[in-house]
Amino acid sequence: MRPEDEVLAAAAARADALARGDTDALRALLHPGFAWTSHRGETFDRETYVRRNTGGELRWYGQTLEDVQVVVVGGTAVLRCTAVDRVEADGPAEFRMPMTQTWVRSGQGWLCLAGHAGPRSV
């Protein structure tokens, strides 16, 4: 499998873990130094991100990645796409927004090191 396809598979597994609320699977795909910036400009470390997305007031139903572009340079990859998030937050909602993720190759496979989503377009 090409490295670009491996990164895409890891990103899909991350989206699936969000939808299932699977804390262990999500944590396993995030680098210990993980950092995320939300579409609201909030920043989260790995544990805060996992807690807020699997045990908080936000309920995930799914995330689809559209128009995906993956560039791999050595052991680092950048994934850019449009994310379509289906969530429950004060009622069902669907958000569309640009998203960028940085992935690094490790002994456990590809791990998401950092990401940014937004601004929200719908």
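The values are calculated or read from the model by the stated rules, or taken from the named source; none is laboratory data. This is a predicted model, so every value here is computed, not measured. Keep in mind that these areas ignore ligands, DNA and RNA; they rest on the heavy atoms of the full protein, side chains included. Shrake-Rupley method; radii C 1.70, N 1.55, O 1.52, S 1.80 Å.
Taking the Cα atoms only, what angle lies between the long axis of helix 3-20 and the longest principal axis of the chain, rounded to 10 degrees?
So the helix axis and the longest Cα principal axis differ by about 30 degrees.
Averaged per residue, what accessible surface does the chain expose to a 1.4 Å probe, in Å²?
Spelled out: the 1.4 Å probe surface of the chain, per residue, equals 53 Å².
Ordering PHE34, PHE95 from largest to smallest accessible area (1.4 angstrom probe), what's the sequence?
Heavy-atom accessible area, descending, gives PHE95, PHE34.
Where the centre of each part is set by its Cα atoms, how far does the range 76-122 sit from the range 15-30, in angstrom?
So the two Cα centres are separated by 13 Å.
Carbon and sulfur atoms: what percent of the 1.4 Å accessible area of the chain do they account for?
51
If I compute volume of the Cα convex hull per residue in Å³ from the structure I just sent, which labelled value in [x] 104; [y] 176; [z] 96 lines up?
[z]
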